[in-house]
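This report concerns only the one structure given below.
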Amino acid sequence: MMESYEVAIIGGGSAGLAALKQLSNLGKQAILIEAGKQVGTKNISGGILYSKKPRNGRVHNVEDVYPEFLQDAPIERKITQYMLHSTSRNKVFTLNLTAAHEYQANFGYSVLLNRLTAWFAKQAGESAEKQGGGIVSGVHVKSLSWPGEKTVIETDELDPFEAKAVIAADGVNSEVAAMTGARTKFTPEQLYQGVKVIVKLPEEIIEERFGVGTDEGAAHLFAGDVTLNHIGGGFAYTNRDTLSVGAVYHYDSLMTRPTEPSTLVNALLKNPMVAEFVKDEVAVKMEINKDLPKEEQLRVRFATSKLIKTWNELRDAWYSPSGRKRLVEAGKFKTEAEIKSRIDYVQNELTSKYSTRFVTDYVELEYGAKLVPDGKRCAMKKPFHKNVLFIGDAAGRGVFIGPRIEGLNVGIDDAVRAANAVARAIDRNNFGPQYMGEYYSQMIEDSPYTRDMREIDKDYLKIFLDAAKDVPKDIIGQRYGMLFRLMSSGTLRGLAVGFANILGYDKLLPLVESEDTYVQVPVELAEKMGRSMTAMYEPTLPTVAQRVARLKYDDDRASHIKVLNPNSEFMKKMVVLCPTNCYSIEGGEVILQHEACIECGTCAKETEWHHPRGEKGIVYQYG
Amino acid sequence: MSDLNIAVNVKLEPDFSEGNVSYNADGTLNRAETKSILGPHSAVASNAAFYSKVLYGARVAVTTMGPPIADIALQQAQLLSDADELHLYSDRMFAGADTLATAEVLKTGISKVDGKTDIVFSGHRASDGETGQTGPQTAWKLGFTFLGNVIDYYVDMQSRIVRAKRLISLQGFYDVVEEVEAPLPVFIAIDPSYKASFNTVSQRLAFEKYQKEAKGRAQNYKQYLKVFNAQQLGVDPKLVGLPGSPTIVYKVEKIPKAKASRKAEVVEGSSREQLAKVATKIFEVLGGLVIK
C-alpha cells in the first residue's frame, strides 16, 4: 500500500519552505522533499531579502509567514545605503539610489541563505510536524506520474508515494517543470548567470569602512568597465562579518562573447573601489625551510597554523562587540583590553619566531554561482500543470529591473498564494486544474510582482531619474535624449510610460538592457565625471581550482549530467562558461568531469541535466 | 505501553581514534590518558535499536555495566537510540569480571527494565576485549534465541517473529547472507556493517521526530538514568566480579611487527620533471602490468 499525503512540496529553498509554513499555519498536512542532506546546503542568492508594501494590491512578506523573523532569524544587516557606481579604469561615478531601494519597501536585509534557510526549515518543520507532515531531506525526486487523480512521486531514495497536490519549488533548473512539460528549459535570453564570492571581513571594520551603524549595511552596485563589456553588473553587499561580492550578467550576453565567470568576478575585485572594500590584514605563512629536520618542520608548520588560527579568531572577536563580550564573560580574558594585548602578542610571536608576514589582502571564504530567471522574460504564463503548482525560480519569477533586484521575496509571495490555493482545494477535496490550478494562476496574475514583471512603474522610474538629475544630458542625450526629456517631465513621463507599456517590455528590453546602458554610458560617466580611486594593494585572486578546493562536496561517483552532443557550439562555450571548469575539450570533443559541479545549471540547456541524488553534490556553507 | 520492548547492552571503551588514544612505553594502553567513549560496536547496536523506534515505535532501554563514568556511554547511546530508560550497573563487586560474570549482571539487569523485553541488542564485540562472548553468553543466560552477525532485521508485529539477515564470512569462501527467522524474544548481536535504511516518507518523518527527541533527551540524560549496585540488582555475589569469572587474563603479549620490505623514495614538488620522475617510477614498478 503506497503512502499518501495531501501535499508534497518539492524543493526546500525559501519558497518551498514558505509554502510548507503557510500550509501548516492553515492547519493542512504537507511534506517537503529536499535533495540536500541538510536544508539550506544547496541554496545561494545574491542576496538581499526584501519586504514590500506596494501601493496597489498586497504581497505576502517573509515576516507574515514567519512572525518571529525580525526578532529571531539569522539575518545579516538591514541595508540602509544603496549605491550605483559607474566605473572606468580608476574612475568611479556614484549615484545614490537609496530612495529606489526603499521604494515601497518595509525593509531589505542582506542574507546568507545557508543559515537563513536552515532557520526557515526549523520554523516550517516544527509547524508541519504538528499537522502530521514535515521535511524529508536527502531525497531527490526523479519522476512524477498520474495513474489516477493523485500524483505518484518517485525518488532515488524512497519507496514511491502519492500526493493530491504538488508544489514545485525546485528552483530555476526545475526538474518538475521538465518532467511535466509545463515549460521548456529556459533559454539564455531568459536568464542571468550570477557568480559570487563570500569575503571575510570583521564586523566593526565593515561598519567603519561602509559608514554604517551596528546591524546596518550597505549595498553597492557596479556598471561600466568592470562588466568586461557584458550586460549586467557587479554587486557588493555587507553581511554581519562577511561581504557578498558578485557579478550578474545576461546569459545571452555571455554566450555572445564567452568570459569565464571567475574572470568576471575577478574584474570586479580588481576595481580599486571594490579592492579597498574587501581588503583586510592577512597573515602569510613563511615557506618552511626544507633543510630542517622533518620533526622540526612539522613543529613549525603546526605551531604557525595554530597561532594564525588563534590570531584570526581573537581578531574577529575583537572587532565585534558581542565577540569581545563573549570572551570576557567566558572568563577567558579579564578585560577587553587584554584581548587586544593577546592579539598583539600572538602577532609578535608569529612575526619574530615563525617569520609570518602580515600583509594587506583579502580573504575569500566561498565561491558559488547560480542562474537567475529574468521574470520579465520567462515568468510562466500558466504556472501550473494538472495538480502541480510552480513557485519562485521554478516558475521563472523574479523582478529584475535595472537596480531593482528581487527574487527571494517574489518566491515567498508565490508560495503563500500556492499554499492558499492548495488549502482551498483540500477543503473542497477538488484538486482539478480548473479549481486549483486556474485559481492559483489568477492569484499570481493579481500579484503586484507580476505587474512589475510586465509594466514599467513610472513612480519607480521617477526616483531613478531624480537620482540621476545631475548627470549631464549630453552623455545620456546622445543616445536617449528624446526618451530622457520625456521622462524628466512630470506630465510627459506619464504619457511616455503609457506609450512604452503599450509597446510592451518585449520590444523595449533590447533597447534598455543593452551594452549602451550597462557599459558605454557608465564608462563615459565615470570618465567625465568620476572621481579617481586608487587601491593601496593588489588583491591576490585565487584560481578556479583554488576556489573549488575550498568548497565542500559529497561526491557522487555517478554523474548527474549527461552531455548530449559533445560537438555542439553551445557545449564548446560551456568550457568557458562553467563556473567551476567542469568542461574541457579533448580531441575536439567536449568532455565533462562532474565532480566540481556546483549545480548552477549553466549547461542545462543542451545536456541531460538532473540535480544529484539525495545528499550528494555541493554543500554550501554560506550560500 | 509499547508493543515492542528493546534493550541494548553497551560498553564504555577507550577511544582508539587518532589523537585520543595514548600508550604506555611498553605498548600497553594508558587508560588514564585515554578518553573513554561509547564503543563503536555499541554505537551500531544503538542504531539498530533506533530502527525499531522509528519503524515500530519501540520502547528502548540502554544498559551497561561499568564504573560511574560509564554514564557517558549511556548518554551517547541515548543520543543515537532515543532511549526511554538508561541503566548503569556499577559496583566495586563487579570489578575484574570476565565475559561470563558480565553476562550475569547484564542478564539480571534486563529483568529490571520496564516491560517484558522482546529484543536485546549488543555490539559485535568490544574494541578493548575483542572476545565477542558477552553477547552470546547473556543470550544463553536469558534463554533468548541468539542471532549473531545480523546486518538487517525486521519484526512481524502480528506474528511476533523476527526475520534477520546474517552475514557469514568464512576465510577462503564467498560471503554468505543467511536469512533466518525466530520468535521473540531474541538476542541480536549486530554486525559492524549494519546500516539502517528508512525507505518511506513516514519513516523519514518519524526518524526526524525521534532524532530531535533524542537530542533533547540526551541533554537531560540523568532524568532517564537509573544506577544499580549489586544489592539493588539482586545478583548472586558468587556469579559476578572476580569470583564469577572462570577466565583470567594472566599475560598479554605484543604481536611482533612484521618487517617491512618496502623501500620508499620521496619526490617533493610539483614541477613537470618531478612528476615525470614519479610517473617513471610507477611504470617501472608496475613493470609487466599493462595500463591503458
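Quick check: convex hull over the Cα atoms of the range A:557-615, volume per residue in Å³, rounded to an integer? List each step's numbers first, then the result.
Values: hull volume 4.5 nm³, N = 59.
Measuring per residue, one finds 76 Å³ for the Cα hull of the range A:557-615.
Any idea what the alpha-carbon Rg over 2.2 N^0.38 Å comes to for the range A:283-361?
On the way: Rg = 14.5 Å, N = 79, 2.2 N^0.38 = 11.6 Å.
Normalised by 2.2 N^0.38 Å, the Cα Rg of the range A:283-361 equals 1.25.
Can you figure out the FRET efficiency of A:Glu595 with A:Glu445, using R₀ = 41 Å and their beta-carbon distance, to the nearest 0.05?
On the way: r = 43 Å, r/R0 = 1.06.
E(calc), rounded to 0.05, equals 0.40.
Could you work out the mean projected area of the convex hull around the alpha carbons of the range B:143-292, in square nanometres to one decimal? Intermediate values should be presented prior to the final figure.
On the way: hull surface 83.9 nm².
Averaging across all directions leaves 21.0 nm² for the Cα convex hull.
Please give the net charge around A:Asn61, taking every other residue with its beta carbon less than 12 angstrom from that of A:Asn61, where Lys and Arg add +1 and Asp and Glu add -1.
Details: positive: A:Lys52, A:Lys53, A:Arg58; negative: A:Glu63, A:Asp64, A:Glu406, A:Asp413.
Spelling it out: positives minus negatives among the neighbours equals -1.
Above 55 angstrom, tally the Cα pairs of the protein assembly as shown and express them as a % of all pairs, no decimals. Mind showing how you got there, number by number?
On the way: 101106 of 418155 pairs.
For the protein assembly as shown, the share of Cα pairs beyond 55 Å comes to 24 percent.
How are the alpha carbon pair distances in the range A:26-173 distributed across 5 Å bins from zero to the largest one, expressed in percent?
Once binned at 5 Å, the Cα pair distances of the range A:26-173 give 2, 7, 13, 16, 16, 14, 11, 8, 6, 4, 2, 1, 0.
Working from the pairwise distances between different alpha carbons, so that the mean of 1/r is found and then inverted, what is the range A:20-107's Kirkwood radius in Å? Don't skip to the answer; put the middle values down first.
Details: mean 1/r = 0.0603 Å⁻¹.
The answer is 16.6 Å.
Quick check for me: using +1 on Lys/Arg Cβ and -1 on Asp/Glu Cβ, what's the dipole size of chain A about its Cα centre, in debye to the nearest 20?
The calculated dipole for chain A is roughly 680 debye.
How big is the range B:136-184 on each of its three principal axes, counting only the C-alpha atoms and giving the largest first in Å?
Here the Cα extents, ordered largest to smallest, are 38, 26, 11 Å.
For the range A:353-378 and the range A:561-623, what is the centre-to-centre distance using only Cα atoms, to the nearest Å?
Centre-to-centre distance over Cα atoms comes out at 21 Å.
Calculate how many DSSP beta bridges within the protein assembly as shown are antiparallel, expressed in % of all such bridges and rounded to the nearest 5. Numbers along the way, then the final one.
Working: 89 of 143 bridges.
Antiparallel bridges make up about 60 percent of those DSSP assigns within the protein assembly as shown.
Net charge near A:Asp506, counting Lys/Arg +1 and Asp/Glu -1 over other residues with Cβ under 9 Å of its Cβ? Before the final figure, lay out each step's value.
On the way: positive: A:Lys376, A:Arg377, A:Lys507; negative: none.
The answer is +3.
Along each of its three principal axes, how wide is the spread of alpha-carbon positions in the range A:159-314, in whole angstrom units, largest first?
65, 50, 38
Dipole of the range A:524-603 (Lys/Arg Cβ +1, Asp/Glu Cβ -1, origin at the Cα centre): which of A:Met571, A:Ala526, A:Cys597 lies farthest to the positive side?
After comparing all options, I get A:Ala526.
For the range B:5-239, what value does the Rg/Rh ratio take when both radii are computed over Cα atoms and Rh is the Kirkwood radius, given to two decimals?
Numbers: Rg = 17.4 Å, Rh = 18.1 Å.
Rg/Rh for the range B:5-239 comes to 0.96.
Per q in 0.15, 0.18, 0.32 Å⁻¹, report the Debye log10 I(q)/I(0) for the range B:185-232, using one uniform scatterer on each alpha carbon and no solvent.
Per q value, in the given order, log10 I(q)/I(0) is -0.75, -0.93, -0.99.
If you average the alpha carbon positions of the range A:13-65 and of the range A:381-447, how far apart do those two centres end up, in angstrom?
One Cα centre to the other: 12 Å.
Quick check: convex hull of the Cα atoms in the range A:233-306, volume per residue, rounded to a whole Å³? The partial results should precede the final answer.
Numbers: hull volume 11.6 nm³, N = 74.
Hull volume normalised by residue count: 157 Å³.
Roughly what would the spin-label model give for B:Asp128 and A:Glu586, points 7 Å off Cα along C-beta, in nm?
5.1
B:Lys263 to A:Ala303: FRET efficiency via 1/(1 + (r/R0)^6), r the Cβ-Cβ distance, R0 41 Å, to the nearest 0.05? Kindly include the intermediate steps, with their values, before the conclusion.
Details: r = 32 Å, r/R0 = 0.78.
With R0 = 41 Å, the Cβ-Cβ based efficiency is 0.80.
Taking the Cα centre of chain B as origin, work out the dipole magnitude from +1 charges on Lys and Arg Cβ and -1 charges on Asp and Glu Cβ, in debye rounded to 20. Write out the running numbers ahead of the final one.
Working: 34 positive and 32 negative charges, 65 e Å.
My answer is approximately 320 debye.
Quick one: what are the phi-derived ³J(HN,Hα) couplings along the range A:527-537, Karplus 6.51/-1.76/1.60 with θ = phi - 60°, whole Hz, x for glycine and proline?
Taking θ as phi minus 60°, the curve returns 4, 7, 10, x, 9, 7, 10, 10, 9, 7, 7 Hz for the range A:527-537.
Which length gain, in nm to one decimal place, applies between B:Ser17 and B:Asp156 when the Cα-Cα distance is subtracted from 0.36 nm times their residue separation?
On the way: separation 139, 0.36 × 139 = 50.04 nm, distance 3.82 nm.
Taking B:Ser17 through B:Asp156 to full extension adds about 46.2 nm, to one decimal.
Once the dipole of the range B:5-239 is set up with Lys and Arg at +1 and Asp and Glu at -1 on Cβ about the Cα centre, which of B:Ala70, B:Leu38, B:Val155 lies farthest towards its positive end?
After comparing all options, I get B:Val155.
Please check: in the Gaussian network model of chain B (C-alpha springs, under 10 Å), which one of B:Leu55, B:Leu205, B:Leu79 has the largest mean-square fluctuation.
Its mean-square fluctuation being the largest, the pick is B:Leu205.
Other chains near A:133-139: what is the mean number of their Cβ atoms within 10 Å of each residue's Cβ? Mind dumping the intermediate values first?
Details: counts 2, 8, 3, 9, 2, 1, 2.
Other-chain Cβ atoms within 10 Å of each residue's Cβ, averaged: 4.
In the neighborhood of B:Arg204, defined by Cβ-to-Cβ distances under 12 Å, what is the net charge if each Lys or Arg adds +1 and each Asp or Glu adds -1? Please report the intermediate quantities before stating the final value.
Values: positive: B:Lys209; negative: A:Glu3, A:Glu34, A:Glu157, A:Asp159, B:Glu208.
So the environment of B:Arg204 carries a net charge of -4.
Ranking A:Thr491, A:Thr151, B:Thr134 by Cβ neighbours within 10 Å, fewest first, what do you get? Mind showing how you got there, number by number?
Working: A:Thr491 8, A:Thr151 21, B:Thr134 26.
Listing A:Thr491, A:Thr151, B:Thr134 from fewest to most nearby Cβ atoms yields A:Thr491, A:Thr151, B:Thr134.
Looking only at the range B:120-204, where both bridge partners belong to it, what percent of the DSSP beta bridges are antiparallel (to the nearest 5)? Don't skip to the end; give the middle numbers.
Details: 14 of 21 bridges.
Antiparallel bridges make up about 65 percent of those DSSP assigns within the range B:120-204.
For the range B:1-145, what is the charge dipole size about the Cα centre, in debye to the nearest 20, if Lys and Arg each add +1 at the Cβ and Asp and Glu each add -1 at the Cβ?
320
What is the spin-label model distance, in nm, from A:Lys130 to A:Met536 if the labels are put 7 Å beyond Cα along the C-beta direction?
Result for the modelled spin labels: 5.4 nm.
Bear in mind that the values in this text are calculations on the coordinates, not laboratory data. Treat the numbers as computed from the prediction; the structure is a model and nothing was measured. All Cβ positions, even for glycine, are placed from backbone atoms using ideal geometry, and neighbour counts span all protein chains on display.
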